[in-house]
Structure formats: C-alpha cells, structure tokens
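Below is one structure; the comments refer to it alone.
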C-alpha cells in the first residue's frame, strides 16, 4: 500500500531506524509486563524492595523517554500497533 505511511517511516538506510527512546520504551514495556504477570500469577515469588524500586524507576524512565519521542512518526506507529494487535491476532 504505497503512500499510506509518512515519508519518515519509509525504509531507512540506517541499521537501526527506531529512535533510542522508542527502543527504551518498548523494552521497558516488555520487562514491566513480564514482571506484572509474574507478580500476579507466581504466588511463590517474593518481591524485594530494591526490585520494586528498580521496576518503578524503569517505568519512570520509560515515561520520560516516551514524553521526548511521542510526537515522532515512528512512535505514533508503535502506539498504533498496540491498538491493532487484537485485529491482527484474529487474522491469524
């Protein structure tokens, strides 16, 4: 589908076209979601204060990174992908 995406999203010659802040947000999301699942479902797991503090710091850092990148076209596409996951899962 040509012409749908902004020019800034067209393939880049750079080996890493995603901004560093966006990569930080994505990695934090995965790590925090995993920690949430572990806390919710692994009743044998005890959390220590330093671990919780580190997770809170990771979330704070991710929010700061998102604030600096949220208006970038690649960040908007990343966010749109979250809204499309249910649709894509149904297509499989």
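Here, each number is a calculation from the coordinates, and none is a lab measurement. Here the structure is a predicted model, which is why all the values come from computation and not from measurement. Note that each Cβ is placed from the backbone with ideal geometry, even for glycine, and that neighbours are counted across all protein chains shown.
Inverting the mean 1/r over all pairs of different Cα atoms, compute the Kirkwood radius of region 19-91 and quote it in Å.
Over region 19-91, the inverse of the mean reciprocal pair distance is 13.8 Å.
Could you check the spin-label model distance between residue 51 and residue 73? Points 7 Å from the Cα along Cα→Cβ, value in nm.
It works out to 4.3 nm between the two label points.
Which whole-number percentage describes the relative contact order of region 19-91, with Cα contacts under 8 Å and a sequence gap of 6 or more?
Relative contact order for region 19-91 comes out at 46 percent.
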